[in-house]
Amino acid sequence: MTRREQIAALIHEEMAGLPNELADPAEGHPLVIVPYGAEEVLGALDALISTRVTMGEKVRAFEAEWSAYCGRSQGVMVNSGSSAVLLMLAAMVELGRLSPGDEVLCPAVTWSTSLFPIAQCGLVPVMVDVDPRTLCIDPASAKAATGPRTKAVLAVHLLGQPADMRAFDGLLVLEDACGAHGAVYEGRRVGGVGAAGAFSFFFSHHITTIEGGMIVTDDGDLADALRSLRAHGWVRERTDKRDWAERCPQIDPRFLFVSAGYNLRPTELAGAFGLVQARRLPAWLARRRQNHADWCAALDGLVDVFPEAPGTEHAGFAFPMIVNGDRASLMAHLEAHKIETRPISGSNLARQPAFERVPGARAPVALPVADRVHEQGLFVGNHHAFGPGHGARLRDVVSAWRG
Ligand SMILES: Cc1ncc(COP(=O)(O)O)c(C=O)c1O
């Protein structure tokens, strides 16, 4: 055995069973499970031992794999899903597809960093209500909030449920697919439906690079803008870098800056994780989807549940419920039975204190469904390590609470 093989054997032994082991429902129902094993650690270790740790081949390979999975020709990896949303919007502004002051529709129920980047890019977030069947943006509410300055919509595929994308004619459609890896909308994987889509690979998501994110698109100009905005505004990774160098002969082409960029780069360790995790996704997704369908059937009638919408494939990121009763008492009862709970994403973001600090943000239409989510909504974990036993236990515990 070579030394490398010995190290690999030790790490496999140390992490035996992870990350595919089925959890025992009696041990509890956590929000997050350990989502990686020896293969990911060995991939990251390979980067560390080689000393090629900053963004390079592994990131590029993962970009190619993930974008192809989403049916897209271009992928630009970044250090988080929040960065992916920010960069997607910033690139649209840089290319002049959106202009400062343009309004962007955003569902009121989503994660905080779906909303904040809109204003960070000089755009105006307009909050609209969510659909009571899907918890994603409600097309009727979006229509009511649309005015002459409305130019784009951020369609968030919340908790694995694809948003209804039919009603946004004339608007630039951007997808926040940070929690919907592998979900399908009318035959296309999410992230592959609008002009571009953003993903998160945070520790608790379908697949993880610990922290990480990616924008996928078919638009080569957008990808070039994303690549320079991601890395200090540098020209280096753009496909048109030679044209730029010819246009600016007085500047060293290795240090030619063409965008007012950020540094949002991932490391090779994240790329290594992504490559292993992407291969695991199909089996994991099948388990999550099955859990979602089974648990919806098991809990139906006890709480409001959110089954897969027609024409879509739900990716089962967490299991949301709305309680017709005292949410705090149900949460306490679940926690007492080792079923961890939390509110649904940021709930109604227009009611969070930070909303007042988001320049220009407004909520011009009523948000009754978002308010209901805010007051009565919760979610519990859904993972590839869970199965029918977790659904049966969840049903029994909720039933006992109802009495
Ligand atoms: C819908 C949505 N958008 C954006 C994000 C931000 O992703 P990250 O945590 O990787 O920054 C999340 C995180 O869960 C999310 O659910």
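The values are calculated or read from the model by the stated rules, or taken from the named source; none is laboratory data. Worth saying up front: this structure is predicted, and the values here are computed from it rather than measured. Backbone-built Cβ (ideal geometry, glycine too); neighbour counts: all protein chains shown.
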Can you tell me which residue within region 376-403, out of those that are of a type outside the set (A, V, I, L, M, F, W, C) and surrounded by 22 or more Cβ atoms within 10 Å (Cβ to Cβ), is nearest to Val109 (Cα to Cα)?
Gly377
Criterion (of a type in the set (A, V, I, L, M, F, W, C), assigned to a helix (DSSP H, G or I), touching a Phe, Trp or Tyr at 6+ places or on another chain (Cβ under 7 Å) and buried (at least 18 other Cβ atoms within 10 Å of the Cβ)) met by exactly one of Ala298, Ala278
Ala278
Flagged in region 56-84 as among the polar types (S, T, N, Q), touching a Pro at 6+ places or on another chain (Cβ under 9 Å) and not in a loop (DSSP other than H, G, I, E, B), in numbering order, are Ser82, Ser83
Matching residues in region 85-114 - criterion: being within 16 Å of the ligand (Cβ to nearest atom), buried (at least 23 other Cβ atoms within 10 Å of the Cβ) and outside any helix (DSSP H, G or I)
Val104, Leu105, Cys106, Pro107, Ala108, Val109, Thr110
Those residues of region 115-125 which are crowded, with 24+ Cβ neighbours inside 10 Å and away from the ligand (no atom under 15 Å from the Cβ) amount to Leu123
What about Ser50, is it within 21 Å of Val193 (Cβ to Cβ), surrounded by fewer than 24 Cβ atoms within 10 Å (Cβ to Cβ) and not aromatic (Phe, Trp, Tyr)?
no
Selection within region 36-47 - of a type outside the set (D, E, K, R) and surrounded by fewer than 17 Cβ atoms within 10 Å (Cβ to Cβ):
none
Name the single residue that is farthest from the chain's Cα centre (by Cα) among those in region 170-187 being away from the ligand (no atom under 16 Å from the Cβ) and in a loop (DSSP other than H, G, I, E, B).
Gly170
Inside region 182-191, can you point out the residues that are buried (at least 22 other Cβ atoms within 10 Å of the Cβ) and either farther than 17 Å from Ser83 by Cα or basic (Lys, Arg) (or both)?
Gly182, Ala183, Tyr185, Arg189, Val190
Given the criteria of a type in the set (S, T, N, Q) and more than 18 Å from the chain's Cα centre (by Cα), does Ser114 qualify?
no
Matching residues, region 188-204, being assigned to a loop (DSSP other than H, G, I, E, B) and either closer than 23 Å to Val173 by Cα or more than 15 Å from the ligand (Cβ to nearest atom) (or both)
Val190, Gly191, Gly192, Val193, Gly194, Ala195, Phe201
The lone exception for Val373 - which of (1) more than 23 Å from Val104 (Cα to Cα); (2) aliphatic (A, V, I, L, M); (3) within 16 Å of the ligand (Cβ to nearest atom) it fails:
(1)
Among residues of region 136-154 being touching a residue at least 40 places away in the same chain (Cβ under 8 Å) and under 17 Å from Val109 (Cβ atoms), the residue nearest to the ligand (Cβ to nearest atom) is Leu154
Here the residues within region 53-106 that are without any contact (Cβ under 8 Å) to a residue 60 or more places away in the chain and closer than 17 Å to Gly220 by Cβ are Ala64, Ala68, Gly96
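Return the residues of region 2-20 that are assigned to a loop (DSSP other than H, G, I, E, B), polar (S, T, N, Q) and at pLDDT 95 or above; say none if nothing qualifies.
Thr2
Quick check on my filter: what residues within region 356-403 are without any contact (Cβ under 8 Å) to a residue 24 or more places away in the chain and not basic (Lys, Arg)?
Scanning region 356-403 gives Glu356, Asp371, Asp396, Gly403.
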Per the filter on region 310-361, residues of a type outside the set (Lys, Arg), within 15 Å of the ligand (Cβ to nearest atom), outside any loop (DSSP other than H, G, I, E, B) and closer than 18 Å to His205 by Cα are Phe319, Pro320
Out of Ala152, Ala167, Ala144, Ala119, sole residue that is part of a loop (DSSP other than H, G, I, E, B) and among the aliphatic types (A, V, I, L, M)
Ala167
I'd like to check something: does region 46-54 contain any residue that is within 29 Å of the chain's Cα centre (by Cα) and part of a loop (DSSP other than H, G, I, E, B)?
yes
